[in-house]
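Remarks on the structure that follows.
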Amino acid sequence: MRIAVLSDLHSNVHALRAVLGALEHQQIDRVFVLGDVFGYYPWAMKVYELLMAIPQPTTIIKGNHDEMILQRHRDDSWPVNAAYEGAIMQNLAEIASTPALAWLSALSFTHTCTLDGHEFTLVHGTPDDAENGRFYPDNTDASPWFPKAGQYLLMGHTHYPLIRPFPSGGIMLNPGSVGQPRDGNPAASYAVIDTALQSQEIVRVAYDHARAMQELRAWHWPEKSVLALDKRRSGMEAAPSLTS
Ligand SMILES: [Fe+2]
């Protein structure tokens, strides 16, 4: 079985379209999406529609930005970080009167299933903080929730791709971010797991992020979010801290 793992789409339809186009040529049997479908960018409904049209069985969990949208919908005075608020409100306005809102409300932060004899644990953050936990590639801390034999622990949220095999035989994997990579490569990032070959691969797909940036600027979108689509030029975010 070949499984595509996507995360942190962040309403970036241009990046998602490129990734889904690439998947058409990769004999994918199943798709996992590790949350943060929404937030940061303004194409929420288009992203939702693309996700609903994925032909393979697809499991989607929610992330912290998705949760912010739900909280704001329930309570319009719910505090949201000013850096995220504009996109959260714009995305909420887009989906509020559509089936996307009920769909989002039904998602959870974690999911566990068994495929081809492997246990797959999907979590947006980390197992001990599914909403906001971060495990970066330079993190070497020991943790009680490291994967056990035969387990794939799939985590998103950091926007940094990671594949780490453990002595137990378990695999920790973060596919990086489709919609806003932060590792210095603006190409959309995702992962493909092949359970028969026992292989895991991070795949990068270039898309016209410069055009997306142009489009955002034409809408006077916050410049920090615009620049975040091309870290090579922005230099706005240093490498993650060792302690995450
Ligand atoms: Fe997140």
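The values are calculated or read from the model by the stated rules, or taken from the named source; none is laboratory data. Predicted model, so just to flag it, every value in this text is computed and none were measured. Methodologically, a virtual Cβ is constructed for each residue, glycine included, from the backbone with ideal geometry; neighbour enumeration extends over all protein chains shown.
Of the strands (runs of 3 or more DSSP E) entirely within segment 137-191, those holding at least 3 residues that are buried (at least 19 other Cβ atoms within 10 Å of the Cβ) and within 15 Å of the chain's Cα centre (by Cα) occupy 151-155, 171-175. Selection within segment 62-76: residues that are modelled with pLDDT of 95 or more and charged (D, E, K, R). The member of this set that is nearest to Leu154 (Cα to Cα) is Lys62. The residue pairs whose first member lies in segment 136-162 and is within 22 Å of Lys62 (Cβ to Cβ) and within 16 Å of the ligand (Cβ to nearest atom), whose second member is in a loop (DSSP other than H, G, I, E, B) and among the β-branched types (Val, Ile, Thr), and whose beta carbons are closer than 8 Å, counting only pairs six or more residues apart or on different chains, are Tyr136/Thr158. Residue under question is His10, and the condition is that it be buried (at least 17 other Cβ atoms within 10 Å of the Cβ), away from the ligand (no atom under 16 Å from the Cβ) and either at positive phi or in a helix (DSSP H, G or I) (or both); does it hold? Here the answer is no, as His10 does not meet what is asked.
Of all the residues in segment 118-135, those that are in contact (Cβ under 8 Å) with a residue 24 or more places away in the chain and either more than 30 Å from Leu197 (Cβ to Cβ) or within 16 Å of the ligand (Cβ to nearest atom) (or both) number 11.
Within segment 34-60, can you find the residues that are in contact with a Lys or Arg (Cβ under 7 Å, 6 or more places away or on another chain) and surrounded by fewer than 24 Cβ atoms within 10 Å (Cβ to Cβ)? Walk me through how you get there before you give the answer.
The initial filter retains those residues of segment 34-60 that are in contact with a Lys or Arg (Cβ under 7 Å, 6 or more places away or on another chain), namely 35, 50, 56-57.
Hits for segment 34-60 are Leu50, Gln56, Pro57.
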